[in-house]
Amino acid sequence: MDRISNMLTTIKNAIKAEKAYVEVIHSGHAEKIAKIIKAKGFIKDVKVFKPEGSHFKKLRIDFDYEGSTPILDDIKIISKPGRRIYKSAAELKSVAAGYGVQVVSTSRGVMSSEEAKKKKLGGEVICEVR
């Protein structure tokens, strides 16, 4: 099972159900993606913890709301295990007229599309967040 797609789908479903937070299995990529989304202001907090009696770490993602409206409106999974999408730095675009973010996995790590464009790096487009 693809952990990244699982995490993004869990976040999407939790937002629709108006949950305050979600907990998913930890991975390095999942943590980096969540921190990029947090840095752009779409989620409130990201914490890594290990539940008592468990051998695995978990990632807790707290959502931010304006009244009853979530700040994170939508997550669109771009690359999937059966269909990877790669783009060069020139092909990376802004999302929602600059109000959204694309998360890209480059040769120098996971970063936003804006940062990848500045560094002139292309890579696998993981998701779009609005």
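None of the figures in this text is laboratory data; all of them are computed from the coordinates on show. Keep in mind the model is a prediction, meaning the values are calculated, not measured. Glycine also receives a Cβ, built like all others from the backbone with ideal geometry; neighbour counts cover every protein chain displayed.
Assorted remarks:
- The long axis of helix 28-39 is offset from the longest Cα principal axis of the chain by roughly 80 degrees.
- Near Leu121, once Lys and Arg are set to +1 and Asp and Glu to -1 for all other residues with Cβ below 13 Å from its Cβ, the sum equals +2.
- Close amide H partners of Lys44, meaning residues 5 or more places away or on another chain with modelled amide H under 5 Å apart, are Asp62, Phe63, Asp64.
- Straight-line cross-link partners of Lys87 among the aspartates and glutamates, defined as a Cα under 20 Å from its Cα and at least 8 positions apart when in the same chain: Glu114, Glu115, Glu124, Glu128.
- Principal-axis tilt of helix 3-16 within the chain, Cα atoms, nearest 10 degrees: 70
- Distances between every pair of Cα atoms in segment 3-129, grouped in 5 Å steps from 0 to the bin holding the largest one, split as 2, 11, 21, 23, 19, 13, 7, 3, 1, 0 percent.
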